[in-house]
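Reading through the structure tokens given below for one structure.
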Amino acid sequence: MARRAPRPLGKSIAALTEQLAPRTTLADAQRAWPAAAGAMMAKYAMPTAERGGTLTITCRSSTWAQELDLMAPELVAKLNGLIGEGRITALRCVATQSRSWAVAET
């Protein structure tokens with residue numbers, strides 16, 4: 001039987017995106033970050049590096065970096081629950097004025 005309408009493209013794109021996504025701890029953490037941290041926090045902080053289980057979170061300000069430092073055990077647990085137990089062991093929070101953030105504020 002022939003199809004009368006085109007197939008939705010969404011499923012194909014989602015499958016292709018999943019297939020092409022890097023298989024690294026950093027990439028997995030970046031994908032899981034909004035769910036682990038929440039929309040508000042994800043707006044002001046993002047994972048930018050990972051080394052030996054320590055995930056570096058670049059924050060929009062030192063205030064956000066300090067908040068994340070205080071929440072680190074909870075965030076590590078949430079991230080590990082989403083990407084696989086034991087992959088993230090610690091957070092390192094740094095404050096920087098990202099170029100993309102500076103553009104968004106003007």
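The values are calculated or read from the model by the stated rules, or taken from the named source; none is laboratory data. Quick caveat, the model's predicted, so the values are computed rather than measured. Quick reminder, even Gly has a Cβ in these numbers, built from the backbone with ideal geometry, and neighbours come from all protein chains shown. Ligands, DNA and RNA are excluded from the accessible area calculation, which covers all protein heavy atoms including side chains. Shrake-Rupley method; radii C 1.70, N 1.55, O 1.52, S 1.80 Å.
What the table below lists for this structure:
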{"read-out": "Within region 1-79, trypsin sites (Lys or Arg not before Pro) in DSSP loop having at most 16 other beta-carbon neighbours inside 10 Å", "value": "3, 4, 23"}
{"read-out": "Cα centre as origin, Lys/Arg/Asp/Glu Cβ charges: the chain dipole, Debye", "value": "660 debye"}
{"read-out": "Environment charge at residue 79 (Cβ cut-off 12 Å; Lys +1, Arg +1, Asp -1, Glu -1)", "value": "-1"}
{"read-out": "Relative contact order %, the chain, counting alpha carbon pairs below 8 Å whose residues are six or more apart", "value": "25 percent"}
{"read-out": "Among 19, 66, 30, residue whose mean-square fluctuation peaks in a GNM of the chain (springs only between Cα atoms under 10 Å)", "value": "19"}
{"read-out": "Cβ-Cβ FRET estimate between residue 5 and residue 42, R0 fixed at 35 Å, reported to 0.05", "value": "0.45"}
{"read-out": "Gain upon complete extension [residue 13, residue 63; 0.36 nm per residue less C-alpha separation]", "value": "14.2 nm"}
{"read-out": "Percent carbon-and-sulfur accessible area, the chain, ignoring ligands, DNA and RNA, probe 1.4 Å", "value": "57 percent"}
{"read-out": "Estimated FRET transfer efficiency when R0 is 25 angstrom, pair residue 51-residue 27 (beta carbons, to 0.05)", "value": "0.95"}
{"read-out": "Distant-in-sequence amide H partners of residue 95 (H built 1.01 Å from N, under 5 Å)", "value": "59"}
